[in-house]
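The structure under discussion appears below in the form of structure tokens.
The values are calculated or read from the model by the stated rules, or taken from the named source; none is laboratory data. From a predicted model like this one, the values you see are computed outputs, not experimental measurements. Cβ: placed from backbone, ideal geometry, glycine included. Neighbour counts: every protein chain shown. Side chains are part of the model used for accessible areas, which takes the heavy atoms of the whole protein and leaves out ligands, DNA and RNA. Shrake-Rupley method; radii C 1.70, N 1.55, O 1.52, S 1.80 Å.
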Amino acid sequence: YEGDTIIYDGGRATKAEIAADNNQAVITYFMSYRLTKSQEEAVQSEVTRALSTLALTGKTEQQKVAAIYDYICDNVDYDYDMGATLGELTYTSYSAAVNKKAVCQGYAVLFYRMCVEAGLDARVVTGTGNGGPHAWNIVRIGEEYYNVDCTWDGQDKESYRNFYLKCEDDFEDHVREE
């Protein structure tokens with residue numbers, strides 16, 4: 001677990017209690033987690049397996065990004081029922097990696113995790129896409145960061161690269177949160 005994985009797949013405080021007595025305060029956080037330990041292990045296993053099949057050793061940053069992007073676009077389907085079957089898991093890298101079905105956040109976190117494991121610098125970005133809540137990624141190649149959106153390019157049987165390695169001006173209908 002690190003970085004954006006913690007933010008989007010990890011735990012979050014659902015309640016905090018403060019007890020104060022004699023100039024001392026004790027804060028107790030109660031956490032809920034999106035993934036169980038076994039689910040997290042399954043994601044890591046699937047990421048490791050997928051990256052080994054992509055044979056990234058010796059490839060350039062751009063070749064690594066392309067291989068990871070195409071893998072996700074070709075292997076993950078969009079969860080059009082928005083979690084009616086998968087529940088909150090549809091928002092996680094677990095759902096994207098193991099169930100092969102997720103909404104945009106699951107796609108984005110899986111892309112992030114695979115990039116980090118492959119030694120690439122990437123982030124999950126949230127904002128709006130076509131006016132609704134959306135998540136996608138930025139990834140660094142050389143000294144520049146580029147936008148990528150596996151969700152929008154990989155929803156059908158055919159994969160596209162309409163939202164691949166785009167600068168802000170060319171990344172239509174995506175607006176980052178402040």
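Could you check how many residues of the stretch 31-40 are in a helix (DSSP H, G or I) and open to solvent by less than 80 Å² (accessible area, probe 1.4 Å)? Show your work before the answer.
To start, the set of residues in the stretch 31-40 that are in a helix (DSSP H, G or I) comprises 37-40.
Imposing the further condition that a residue be open to solvent by less than 80 Å² (accessible area, probe 1.4 Å) reduces the set to 38-40.
Residues in the stretch 31-40 being in a helix (DSSP H, G or I) and open to solvent by less than 80 Å² (accessible area, probe 1.4 Å): 3 in total.
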Quick one: in the stretch 123-165, of everything that is of a type in the set (Gly, Ala, Ser) and closer than 12 Å to TYR69 by Cα, which residue is surrounded by the most Cβ atoms within 10 Å (Cβ to Cβ)? GLY154
Within the set of pairs 6+ apart or on separate chains, which have a first residue in the stretch 163-174 that is modelled with pLDDT under 90, a second that is outside any strand (DSSP E or B) and open to solvent by less than 90 Å² (accessible area, probe 1.4 Å), and C-beta atoms under 9 Å apart? GLU172/PHE163
The one condition GLN105 fails out of (1) without any contact (Cβ under 8 Å) to a residue 24 or more places away in the chain; (2) closer than 20 Å to GLY3 by Cβ; (3) assigned to a helix (DSSP H, G or I); (4) open to solvent by 20 Å² or more (accessible area, probe 1.4 Å) is (1)
Restrict the check to the stretch 8-22 and report whether at least one residue is part of a helix (DSSP H, G or I), open to solvent by 80 Å² or more (accessible area, probe 1.4 Å) and not hydroxyl-bearing (Ser, Thr, Tyr). no
Please count how many residues of the stretch 41-75 are within 19 Å of ARG123 (Cβ to Cβ) and either outside any helix (DSSP H, G or I) or among the β-branched types (Val, Ile, Thr) (or both). 5
